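The values are calculated or read from the model by the stated rules, or taken from the named source; none is laboratory data. All values reported here derive from a predicted model rather than from experimental measurement. All Cβ positions, glycine included, derive from the backbone under ideal geometry; neighbour counts span all protein chains shown. Accessible surface areas use protein heavy atoms only, side chains included; no ligands, DNA or RNA. Shrake-Rupley method; radii C 1.70, N 1.55, O 1.52, S 1.80 Å.
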Amino acid sequence: MSSKKQALFISSLVILWYSSNIGVLLLNKFLLSNYGFRFPIFLTMCHMSACAILSYFSIVFLKLVPIQAIKSRSQFLKIATLSVVFCGSVVGGNISLRYLAVSFNQAVGATTPFFTALFAFMVTLKREAWVTYAALVPVVAGVVIASGGEPGFHLFGFIMCISATAARAFKSVLQGILLSSEGEKLNSMNLLLYMSPIAVLVLLPATLIMEPNVLEVTVSLGKEHKYMWLLLLINSVLAYSANLSNFLVTKHTSALTLQVLGNAKGAVAVVISILLFRNPVTAVGIGGYTITVLGVIFYGEAKRRFR
């Protein structure tokens, strides 16, 4: 009975993780491309505000995880650096959704292992086995093929998507370096608790400078579409839920299970987005994305075997 409860609990976590990640991705696309809400920086600020408030509530009041205090100015500066890089990756991803289909956005995002390996070598001189690097060839080749077969290819959107993917990989490498000592390590929920308010402080002036008419347009859209504010609220809560569920799934499953589920999640997001947004796809594009996903799977397996 205990094992059945455990299996049910993990299944529920995976469903929450999938629905939160895919939900926030599709809602971002809907708001930024189909709803006339063209403010990716402000949208990211809404996400970070929700993460800051809900992280505090979850840790301080619900006590989901023990709170970890910042112990030094040096540790705070390291967290602030990670927060700025994190902001860049999320904003870049949201901007790209204005111009690219979710399916192609996911194909480009699947190249994260390539950039992680590249930055790990450039920054730390950490080398992997040659088999591991060889597995990255189809990861990149698949995106090149998918780009050629993408009917709605947009150069600026592609550049922003690649930049966001690279920033996400750089953050993971940087996090491993900056918070490597035992006294400075933070679990992902505490790290989100401290990064989110810093991200809001960074994004607020950026919003005011780069999206000066955001409040006026948002209020106007709110009057025109009665569900506008509800969509923004749900979208922001899902952004936090995606982080929370990722932490819980990581905690309760193995690294291999997480990798398999992560690869499948991207494919599910692609299928749902195509059905929902009816964006045209080609056999070349599907083939390219399939090659990239297989490359990611081979890369993960090679890293596990030749660690």
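I need the full set of residues from segment 106-123 which are of a type in the set (Val, Ile, Thr) and under 11 Å from Arg168 (Cα atoms), in order please.
Thr111, Thr112, Thr116
Scan (1) closer than 26 Å to Leu261 by Cα; (2) at pLDDT below 95; (3) surrounded by 13 or more Cβ atoms within 10 Å (Cβ to Cβ); (4) not charged (D, E, K, R) for the single condition Ala7 breaks and write down its number.
(3)
Could you grab me the full set of residues in segment 287-307 that are free of Cβ contacts under 8 Å to residues at least 60 places away in the same chain and under 29 Å from Gly152 (Cα atoms)?
Within segment 287-307, just Ile297 meets the criteria.
State whether the residues of segment 21-42 include one that is modelled with pLDDT of 95 or more, more than 30 Å from Lys223 (Cβ to Cβ) and of a type in the set (A, V, I, L, M, F, W, C).
no
So, Ser181, is that one of a type in the set (Gly, Ala, Ser), out of contact with any Asp or Glu (no Cβ under 7 Å at 6 or more places or on another chain) and assigned to a helix (DSSP H, G or I) or not?
Answer is no for this residue.
Among the residues of segment 142-165, write down those that are touching a helix residue (DSSP H, G or I) at 6+ places or on another chain (Cβ under 6 Å), surrounded by fewer than 17 Cβ atoms within 10 Å (Cβ to Cβ) and over 10 Å from Leu100 (Cβ atoms).
Once the filter is applied, which keeps residues that are touching a helix residue (DSSP H, G or I) at 6+ places or on another chain (Cβ under 6 Å), surrounded by fewer than 17 Cβ atoms within 10 Å (Cβ to Cβ) and over 10 Å from Leu100 (Cβ atoms), segment 142-165 yields nothing.
For residues that are open to solvent by less than 20 Å² (accessible area, probe 1.4 Å) and either within 17 Å of Gly88 (Cα to Cα) or hydroxyl-bearing (Ser, Thr, Tyr) (or both), scanning just segment 199-223, find the one that is farthest from the chain's Cα centre (by Cα).
Applying the filter and picking the extreme gives Thr218.
Only one residue in Ala110, Ala50 is among the small types (Gly, Ala, Ser), closer than 18 Å to Ala164 by Cα and touching a helix residue (DSSP H, G or I) at 6+ places or on another chain (Cβ under 7 Å). Which one? Can you show your working first?
Numbers: Ala50 fails: closer than 18 Å to Ala164 by Cα.
Sole residue among the options that is among the small types (Gly, Ala, Ser), closer than 18 Å to Ala164 by Cα and touching a helix residue (DSSP H, G or I) at 6+ places or on another chain (Cβ under 7 Å): Ala110.
Can you name every residue in segment 68-87 that is among the charged types (D, E, K, R) and touching a residue at least 12 places away in the same chain (Cβ under 8 Å)?
Lys71, Lys78
Are there helices (runs of 4 or more DSSP H) fully within segment 32-140 with at least 2 residues that are under 20 Å from the mean Cα position of the chain (by Cα)? List them.
40-56, 73-99, 102-109, 112-124
Which residue pairs have Cβ atoms under 8 Å apart, sit 6 or more places apart or on different chains, and have a first residue in segment 114-137 that is free of Cβ contacts under 8 Å to residues at least 40 places away in the same chain and charged (D, E, K, R) and a second that is part of a helix (DSSP H, G or I) and open to solvent by less than 30 Å² (accessible area, probe 1.4 Å)?
Between residues of segment 114-137 that are free of Cβ contacts under 8 Å to residues at least 40 places away in the same chain and charged (D, E, K, R) and residues that are part of a helix (DSSP H, G or I) and open to solvent by less than 30 Å² (accessible area, probe 1.4 Å), the close pairs are Lys126/Ala120.
Can you go through Val90, Val14, Val24, Val65 and tell me which one is under 17 Å from Ala167 (Cα atoms) and either touching a residue at least 60 places away in the same chain (Cβ under 8 Å) or surrounded by 14 or more Cβ atoms within 10 Å (Cβ to Cβ) (or both)?
Details: Val14 fails: under 17 Å from Ala167 (Cα atoms); Val24 fails: under 17 Å from Ala167 (Cα atoms); Val65 fails: under 17 Å from Ala167 (Cα atoms).
Going through Val90, Val14, Val24, Val65 in turn, the sole match is Val90.
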